[in-house]
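Asker: Shown below is the structure under consideration.
The values are calculated or read from the model by the stated rules, or taken from the named source; none is laboratory data. As the structure is a prediction and not an experimental result, all values here were calculated from the model. Positions of Cβ are backbone-derived with ideal geometry, glycine not excepted, and every protein chain shown enters the neighbour counts.
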Amino acid sequence: MGFDLDRFEGPVDPDLICKLCGKVLEDPLSTPCGHVFCAACALQWLAKVGSCPVQCQKISTKELNHVLPLKNLILKLDIKCDHRERGCDAVLNLRDVASHMRERCEHRAVEDCKDGCGLALTLKERSEDHSCLQALRTHSGLLQTKVLSLEKELKRQSRFLLKLKIEIALFSDPLVDIILNANGRI
């Protein structure tokens, strides 16, 4: 389902963006017709539709191929730590981000607060004095930011879905096919 564009340092080449989810390709798969999508996106799409998402031909999941050179190129991109909302300002290769978050990030959650708020405490918070009130305020702000981000993503996905519906309607209408053929567009 891809990596969010806002996590990357600088602009990302449009060829590295999945046409289904609009995010940076995660575990890219190639179709026989040469289109590339995130593995999760392509598999979900094919389970429902059974054709290339670009609508150029019928395909099955058996015909998909991993694109390892592209995956390796993507893993070299610089990305911000998942815990940036908690204060981590680390920027590292995508290849190294999982081990950073698991082993080195001071802002990773290590235990739940037992003083009343029940929030996950980071390694850094555990070693400092923890204020439940301040932590709940911060958490509320993070949740509000996340809601705004999800609303923005929902609008983007809705526009994309509308575009797909229009394209499907156009290509499924025989009259449109006749008009396009008569004008030499197909």
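Asker: Among the candidates Val24, Val67, Val91, single out the residue that is closer than 19 Å to Phe160 by Cβ and β-branched (Val, Ile, Thr).
Answerer: Val24
Asker: Can you tell me how many residues in the stretch 7-40 are over 13 Å from Leu70 (Cβ atoms), free of Cβ contacts under 8 Å to residues at least 24 places away in the same chain and touching a strand residue (DSSP E or B) at 6+ places or on another chain (Cβ under 9 Å)?
Answerer: Going through the stretch 7-40 one residue at a time, the tally reaches 2.
Asker: Still on this model: Tell me yes or no: at least one residue of the stretch 13-34 is loosely packed, with under 12 Cβ neighbours inside 10 Å, under 19 Å from Met1 (Cβ atoms) and not assigned by TED's automatic domain parsing to the domain that holds Met1.
Answerer: no
Asker: From Leu43, Leu92, which residue is farther than 30 Å from Leu136 by Cα and either not hydroxyl-bearing (Ser, Thr, Tyr) or not in a helix (DSSP H, G or I) (or both)?
Answerer: Testing whether each residue is farther than 30 Å from Leu136 by Cα and either not hydroxyl-bearing (Ser, Thr, Tyr) or not in a helix (DSSP H, G or I) (or both) leaves just Leu43.
Asker: Yes or no: Leu133 under 19 Å from His83 (Cβ atoms) and either loosely packed, with under 11 Cβ neighbours inside 10 Å or not charged (D, E, K, R) (or both)?
Answerer: Against the criterion (under 19 Å from His83 (Cβ atoms) and either loosely packed, with under 11 Cβ neighbours inside 10 Å or not charged (D, E, K, R) (or both)), Leu133 does not qualify.
Asker: Kindly check whether there is at least one residue in the stretch 97-113 that is loosely packed, with under 11 Cβ neighbours inside 10 Å and within 20 Å of the chain's Cα centre (by Cα).
Answerer: Within the stretch 97-113 (the criterion being loosely packed, with under 11 Cβ neighbours inside 10 Å and within 20 Å of the chain's Cα centre (by Cα)), the answer is yes, since at least one residue qualifies.
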